[in-house]
Amino acid sequence: MDVFERTEKFVMKTYNRYPVCFVRGEGCWLYDKDGKKYLDMLAGIAVCNLGHAHPAISQAICEQAKELLHVSNLFHIETQAELAELICKNSFGEKVFFCNSGAEANEGAIKLARRYGTEINPEKYEIVAFRQSFHGRTMAAVTVTGQGKYSEGFGPMLPGVKFATFNDIDSVLSVVSDRTAGIIVEPIQGEGGVVPADEEFLRALREIADRFNALLIFDEVQTGIGRTGKLFAYQHYGVEPDVMTLAKALGNGVPIGAIVAKGKAAEVLKPGLHASTFGGNPLATRVGIVVMKEMTKPGFLEEVEEKGNYLKELLEGLVKEFPQLLESVRGKGLMLGLVCKRECKDIVKSALDKGLIINCTAGNVLRFVPPLVISREEIETGIGILREVLESYAG
Ligand SMILES: *Cc1c(COP(=O)(O)O)cnc(C)c1O
């Protein structure tokens with residue numbers, strides 16, 4: 001049996017997988033079993049921000065594996081404390097809780113907000129979330145995810161969740177009240193089609209959250225860790241949340257998640273109220289430290305911003321070349337969406353055949369979230385492949 005047959009027979013069919021199996025990676029390149037080379041402009045969906053087989057990451061994993069992989073949170077963990085400090089010193093945060101994934105971070109943030117609210121008033125447990133959002137697949141995370149397809153058949157959902165329209169302040173005002181404990185929002189909706197929040201919108205959410213004494217939660221699971229050209233996307237907006245959730249790129253592929261909080265929100269979770277066996281273990285946090293140190297090296301984020309602008313410019317060029325297929329480009333830094341005038345799954349498949357990895361979100365948006373270490377030449381290579389694919393469709 002080969003990997004395709006074995007997957008078919010023994011792995012639950014929760015994914016529609018492409019018939020490709022990568023066995024090795026280096027920087028922005030992946031190699032399959034036959035030695036075919038692919039330019040990775042997806043990075044495991046915004047996870048491998050430092051690229052594949054980054055020497056400092058590989059070294060940290062090897063060294064830590066020889067020292068200590070895991071101990072219980074009943075004890076102090078050197079690397080956990082150090083990573084928490086690094087995150088706080090580079091953000092609005094004052095305290096961090098570590099877990100293992102994005103959904104788990106959001107799950108914890110929702111618990112935190114509910115606890116915060118119900119300590120004020122037992123009726124203050126509502127969460128305001130947004131249509132077209134994505135927050136993960138656990139029950140609370142999927143409840144606040146504003147896309148019906150993710151929760152269909154899994155009801156009843158968590159009570160007390162109200163949905164508003166992204167970038168529409170009036171719709172928020174129509175659902176928020178003194179019963180609101182938290183407002184959860186992505187600064188740039190990722191799975192919803194790479195849709196950035198307007199600055200006025202996030203500012204208004206900050207004011208509304210303050211007015212109703214609710215916690216403002218930014219889900220930066222996808223936008224965080226340098227992806228948008230700032231360490232965290234909120235830093236583009238001059239708006240600070242009370243709580244921020246992280247995961248994806250924080251471990252560059254080693255599973256890790258985090259809840260970052262300030263002020264009263266940082267003091268809500270007391271002994272016994274929340275926990276995770278693996279959360280913040282020596283291996284994951286050792287890697288997180290390397291990621292944070294690489295991202296905060298002088299000039300790194302400026303480079304991301306410049307390369308993001310370059311990729312955007314080239315994508316805008318494609319929009320001009322293929323007006324019958326393409327509509328516009330949106331996003332920030334190296335988190336960009338190329339909006340198509342039709343469904344784009346087949347474009348993704350054709351690009352893969354030609355050695356370019358991208359994906360399709362919200363049905364008609366081609367998403368580009370390459371490793372942040374991508375070079376200008378690699379960006380040009382990717383655009384070249386995409387152009388060939390588009391030519392074959394433009395006819
Ligand atoms: C990927 C993602 C999640 C879910 O993360 P998992 O690690 O898959 O649970 C949550 N929120 C956002 C914005 C994401 O992009």
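Read the figures in this text as sums done on the coordinates, not as results from a lab. Note that this is a predicted model, so its numbers are computed, not measured. In this analysis, Cβ positions are derived from the backbone assuming ideal geometry, glycine residues included, and neighbour counts consider all displayed protein chains.
The table below gives the values:
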item: Kirkwood hydrodynamic radius over Cα pairs of the chain, then Stokes diffusion coefficient at 20 °C and 1.002 mPa s, in µm²/s; result: 99
item: 19 Å reach of a label modelled at Lys36, 7 Å along Cα-to-Cβ, counting backbone N of segment 6-20; result: 6-8, 16-20
item: Per-residue Cβ neighbour rank within 10 angstrom, fewest leading, Met292, Met244, Met12; result: Met12, Met292, Met244
item: Length added when fully stretched, Phe75-Val20, from 0.36 nm per residue minus Cα-Cα; result: 15.5 nm
item: Rounded tilt (10° steps) of 300-321 against the dominant C-alpha axis of the chain; result: 50
item: Positive-end residue, the chain charge dipole about Cα centroid, Cβ charges, pick of Leu205, Thr143, Val176; result: Thr143
item: Entries in Lys149/Lys349; Lys37/Lys349; Lys13/Lys345; Lys162/Lys341; Lys293/Lys345 that, when Cα-Cα distance is taken, lie over 25 Å; result: Lys162/Lys341; Lys293/Lys345
item: Exposure rule at most 14 other beta-carbon atoms within 10 Å, DSSP loop GluC sites (Glu not before Pro): the chain longest free segment; result: 153-342
item: Chymotrypsin sites (Phe, Trp or Tyr not before Pro) restricted to DSSP loop in segment 33-92 with at most 12 other C-beta within 10 Å; result: Phe75
item: Average Cα contact separation per residue, the chain, under 8 Å, 6 or more apart, as relative contact order %; result: 22
item: Footprinting exposure proxy for Val348, Val71 (fewest neighbouring C-beta atoms within 10 Å first); result: Val71, Val348
item: Tilt relative to the chain, helix 282-295 - C-alpha long axis, 0 to 90 degrees, to 10; result: 70
item: Dipole in debye (nearest 20) - the chain, about Cα centre, beta carbon charges: Lys, Arg +1; Asp, Glu -1; result: 680
item: Residue order, fewest to most surrounding Cβ atoms within 10 angstrom, among His70, His274, His135, His52; result: His70, His274, His52, His135
item: Chymotrypsin sites (Phe, Trp or Tyr not before Pro) restricted to segment 286-389 and DSSP loop, no more than 15 other C-beta within 10 Å; result: none
item: Cα-based helix-to-principal-axis angle, 102-120 vs the chain, degrees rounded to 10; result: 20
